[in-house]
Amino acid sequence: MRELDATDLRIVRLLRQDGRMSNAKLAAEVGLSQSACLRRLHHLEESGIIRGYTAIVDEGPRSDATVVIVQISLERQTEEFLRRFEAAVRRCPEVQECYLMTGLADYHLRVSAKDAADYERIHTDVLSRLPGVARIQSAFAIRSVVRAARL
């Protein structure tokens, strides 16, 4: 894979701000022709730099979703255990985010549930059945303070 140049980085930054930006506007912003911009965009997508597009929905104070931050420790930290766990957690629609961590827990997850009873189901039927799980610690979020689309 080639190094990202300043134009590639600008395309990525602009799309992080507005993933629905038209190719014509994107090309004008980065100073390329529309066809050259589209070629770069396709390369960024095919190489996995841009993995997809999504809508960020403001759930607002009336949201019924319960956010649970979950720490998971595995039985072992071998490459095989990590790979199996990560493959399985990617198939869990309740898991919104998953990070491999340093520190006491191996993974931190952000899980979305309807309520405490729904989280109990997720804990019992989903999380505890993931391969290699030794310990699960859960913390319910009270409210969101900062949640940004940008990195």
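A few points about this structure:
- Cα-based radius of gyration of region 6-46 once divided by 2.2 N^0.38 Å, which approximates compact folds: 0.98
- Simple spin-label estimate for Leu38 and Thr78 in nanometres, 7 Å along Cα-Cβ: 5.0 nm
- In angstrom, the C-alpha Rg and Dmax of the chain are 19.3, 54.
- Protection proxy ranking of 115-122, 47-54 - average other beta-carbon atoms within 10 Å, highest first: 115-122, 47-54
- For Arg135, the shell of other residues with beta-carbons less than 13 Å away shows a net charge of -1, using +1 for Lys and Arg and -1 for Asp and Glu.
- Mean separation of Cα pairs under 8 Å and 6 or more residues apart, divided by the residue count, gives region 50-135 a relative contact order of 40 percent.
Throughout, read-outs are computed from the coordinates displayed, never taken from laboratory work. In this text the structure is predicted, and so the values were computed from the model without any measurement. Counting neighbours? That spans all protein chains shown, and the Cβs are built from the backbone with ideal geometry, glycine included.
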